[in-house]
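Everything below concerns the one structure shown next.
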Amino acid sequence: MSRAIWVTGQAAALGFVYGNLAAIGLATLALVIPRCERLLSLLALLIFCLPLVATGPILRVLFGTGQGPQITLAALAVYYTTFLVLMVGLLSLAPVAPLGDTSALQTR
């Protein structure tokens, strides 16, 4: 029983880390390239709306019998929350001019 808990916890932790890293990367990309923001937001929402029960068997066929499907399911379960909160937070920041240079200010 303890081995099963260890393996499940390991897959969940890896999925948590990978999902959050993917969310941070996508939010950063959307912030750096504003034209991609809408596309990335819609893609993130579309993937988040997929039922995990239906994607589990598909991931099992794609990844095989290893821990890949479990890690991917855990990553899919956590990435959207991080992506959404990070996007809202980063977009609400007001641009700050470095050392008082007002020419660097841009309005969105």
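The values are calculated or read from the model by the stated rules, or taken from the named source; none is laboratory data. Since the model is a prediction, treat every value here as computed from it, not as a measurement. So basically every Cβ, Gly included, is an ideal-geometry build from the backbone, and we count neighbours across all protein chains shown.
Summary of values
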| read-out | value |
| --- | --- |
| Qualifying helices (runs of 4 or more DSSP H) (wholly inside the range 1-90; at least 3 residues being over 11 Å from the mean Cα position of the chain (by Cα), surrounded by 14 or more Cβ atoms within 10 Å (Cβ to Cβ) and without any contact (Cβ under 8 Å) to a residue 60 or more places away in the chain) | 52-63 |
| Flag for Leu62 being under 16 Å from Ala77 (Cα atoms) and not polar (S, T, N, Q) | no |
| Which listed residue is under 21 Å from Gly9 (Cβ atoms), at pLDDT below 90 and among the β-branched types (Val, Ile, Thr), from Thr102, Thr65, Thr107 | Thr65 |
| Selection status of Leu84, closer than 15 Å to Ala23 by Cβ and either in contact with a Cys (Cβ under 9 Å, 6 or more places away or on another chain) or at pLDDT below 90 (or both) | no |
